[in-house]
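All of the numbers you see were taken from the coordinates with simple rules; none came from a lab. Small disclaimer: the values here were computed from a predicted structure and weren't measured. Because the Cβ atoms are built from the backbone with ideal geometry, glycine has one as well, and the counts that use them run over all protein chains shown.
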Ligand code: CTP
């Protein structure tokens with residue numbers, strides 16, 4: 001039995017024990033403390049959004065999202081004054097984030113580990129959109145206005161905690177409870193996807209995650225708004241795709257978006273591989289056999305998502321989605337490694353041919369390529385050798401040694417040292433002594449005295 005079942009027998013009443021079950025004792029106590037502060041100040045305060053949806057479905061939630069019908073940053077700063085922590089306010093939207101510290105947990109008398117890292121407060125507001133896909137203009141409004149500006153009815157529920165709310169008065173201004181029971185995702189008006197096309201991605205994310213269906217009229221509006229995705233900024237789209245990629249059914253969501261034609265509206269050529277589910281699963285379960293401590297997890301996911309694309313296409317997608325330079329480089333390098341997968345696996349290719357193509361690439365790309373090339377143990381082995389051996393090989397000989405031997409300095413120094421290094425990588429020399437013998441042969445060949453290219457047969 002979920003709290004949702006209770007709401008049909010006692011409409012509007014939300015059982016507090018459900019709050020404890022959904023949030024855990026500590027976060028529920030924190031909600032009480034926040035509610036008391038609002039009561040003291042005679043402010044109207046509501047628990048809102050996804051957390052409430054999840055609680056009603058009997059699912060655990062880690063977030064605490066409040067709407068207050070007054071200035072959110074003043075309210076959050078009041079809590080900060082009393083309990084410590086940090087407040088970051090974002091004035092344009094009238095929102096404030098209260099981050100808890102160990103000291104604030106002490107002052108609250110609650111275990112820090114059981115509390116959310118931060119609590120979000122927003123002033124109840126109404127929104128208007130000057131043009132499709134633009135950020136909204138906001139103005140203070142009532143809690144009902146605030147529900148009506150939201151994406152889907154199931155996210156437009158509010159639990160009143162103050163004033164004087166015996167746990168708890170559930171405000172359902174948009175039919176969210178009925179939609180939760182019917183298991184459907186429904187937008188609140190015909191322009192919802194046009195105003196905010198990121199809701200297209202969100203609709204598929206929630207539908208797939210919750211195993212809901214999309215309401216028939218909503219589906220029509222969603223399809224009509226697909227071209228609007230082209231107008232949304234890369235950063236906003238990336239944020240939504242980042243959120244999709246940490247969902248359990250990430251690949252199913254992306255494949256459905258692809259089937260709908262949403263991804264190509266974002267950038268032509270953007271299409272997830274059919275193997276993405278396995279690749280993401282493998283990324284969670286396996287690690288390459290080398291130390292890969294400083295891997296940027298979101299960048300790795302982007303490499304897995306875009307690695308099978310052609311390099312130029314992947315770069316365009318990554319730039320369109322405003323990935324940072326390091327992430328773009330990692331994505332592009334992954335594509336290039338995959339493009340030479342056959343060479344990597346080819347035993348006739350000498351290590352010294354392969355190493356220069358891999359060793360300067362970002363570790364995140366090699367990590368991703370190792371996961372993506374799971375069906376080629378010889379390619380994986382070459383990646384391992386790059387990371388564990390080849391990258392660190394340096395010949396014993398230095399430029400000083402060459403000068404001491406009377407060789408006139410010039411660009412051939414670099415070529416000689418590279419040739420010595422290649423001999424190490426190929427295993428042709430395995431000691432400084434053997435390297436010196438090779439150097440002797442190179443110099444005796446006379447070719448380097450003039451700074452010429454050496455002949456390969458010397459090796
Ligand atoms: N919201 C919206 N339109 C958007 C993004 C968010 O109306 N484009 C509203 C929804 O009411 C949503 C709330 O803001 O519930 C909080 O946003 P977010 O944290 O993104 O959504 P959650 O529903 O909490 O998602 P999740 O369960 O994945 O945390």
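Quick look at the values:
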| read-out | value |
| --- | --- |
| Alpha carbon Rg of the stretch 152-268, scaled by the compact-globule rule 2.2 N^0.38 Å | 1.15 |
| Folded to 0 to 90 degrees: helix 363-372 orientation relative to the chain principal axis, Cα | 80 degrees |
| Stokes-Einstein D (µm²/s) once Rh is taken as the Kirkwood radius of the stretch 340-459 over alpha-carbon pairs, at 20 °C in 1.002 mPa s | 138 µm²/s |
| Nearest-ten-degree value, helix 325-339 long axis tilted from longest Cα axis of the chain | 60 degrees |
| Degrees between helix 377-388 axis and first principal axis of the chain (Cα, 0 to 90, nearest 10) | 80 degrees |
| For the chain: relative contact order, % (alpha-carbon pairs under 8 angstrom, 6 or more apart) | 9 percent |
| Sequence-separation-based contact order of the stretch 313-459, relative, with Cα cut under 8 Å and 6+ spacing, percent | 19 percent |
| Computed over the stretch 282-343, Kirkwood Rh from alpha-carbon pairs, angstrom | 12.1 Å |
| Kirkwood-type radius of the stretch 64-129, with distances r between different C-alpha atoms, in Å | 12.2 Å |
| Mean Cβ neighbour count within 10 Å, used as a protection proxy, ranking 193-199, 395-401 highest first | 193-199, 395-401 |
| Descending Cα extents along the principal axes, the stretch 1-136, whole Å | 43, 42, 27 |
| The chain, helix-only ellipticity at 222 nm - DSSP H runs n ≥ 4, -39,500 (n - 2.57), divided by all residues, nearest 500 | -15000 deg cm²/dmol |
| Length-normalised contact order of the stretch 304-356 in % [C-alpha pairs under 8 Å, at least 6 apart] | 37 percent |
| Rg followed by Dmax, in Å, when the stretch 237-286 is reduced to its Cα trace | 10.9, 33 |
| Once the Cα gyration tensor of the chain is diagonalised, semi-axes √(5λ) in Å | 58, 25, 20 |
